[in-house]
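K.L.:
So that we are looking at the same thing, I have put the structure below in structure tokens.
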Amino acid sequence: MKTIFLALCLSLSALMTLPALAESSLVSVNINEASAAEMAEVLQGVGEAKAQAIVDYREENGAFGSVEELGQVKGIGPSTIEKNEARIALE
């Protein structure tokens with residue numbers, strides 16, 4: 001019985017650490033340098049059209065100074081930014 005309880009505790013503790021491990025291994029993309037294809041591949045909820053809109057905005061307005069500035073791009077809302085905050089790099 002002790003062995004089953006110990007195995008259950010170890011299994012539960014391993015499951016609780018999986019989200020932390022998954023978050024630390026996220027691939028990021030530099031939105032100030034990446035191509036539309038690279039952004040579409042890495043960012044959740046961002047396809048080719050939205051990624052191209054990010055590139056177009058960057059070419060017209062210069063480099064992004066903050067992640068929140070992505071909200072100025074047509075089609076990119078707060079939920080998209082929130083989902084991808086850990087994947088977005090500025091440098």
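K.L.:
Apply the Karplus curve 6.51 cos²θ - 1.76 cosθ + 1.60, θ = phi - 60°, to the phi angles in region 64-74 and return the couplings in whole Hz, x for Gly and Pro.
P.N.:
Computed from phi, the couplings for region 64-74 are 6, x, 8, 5, 4, 4, 4, x, 7, 7, 4 Hz.
K.L.:
Under 5 Å between amide H atoms, partner at least 5 residues away or on a different chain: which partners does V29 have, H built in plane at 1.01 Å?
P.N.:
I88, A89
K.L.:
Which residues does the label zone of L26 cover in region 73-91, counting backbone N under 15 Å from a point 7 Å along Cα→Cβ?
P.N.:
78-91
K.L.:
Write down the radius of gyration of region 27-89 and its Dmax, each obtained from C-alpha positions, in Å.
P.N.:
When restricted to Cα atoms, region 27-89 yields Rg and Dmax of 9.9, 27 Å.
None of the figures in this text is laboratory data; all of them are computed from the coordinates on show. Please read all numbers here as calculations on a predicted model, not as lab measurements. A quick note on method: Cβ atoms are made from the backbone with ideal geometry, for glycine too, and the neighbour counts reach across all protein chains shown.
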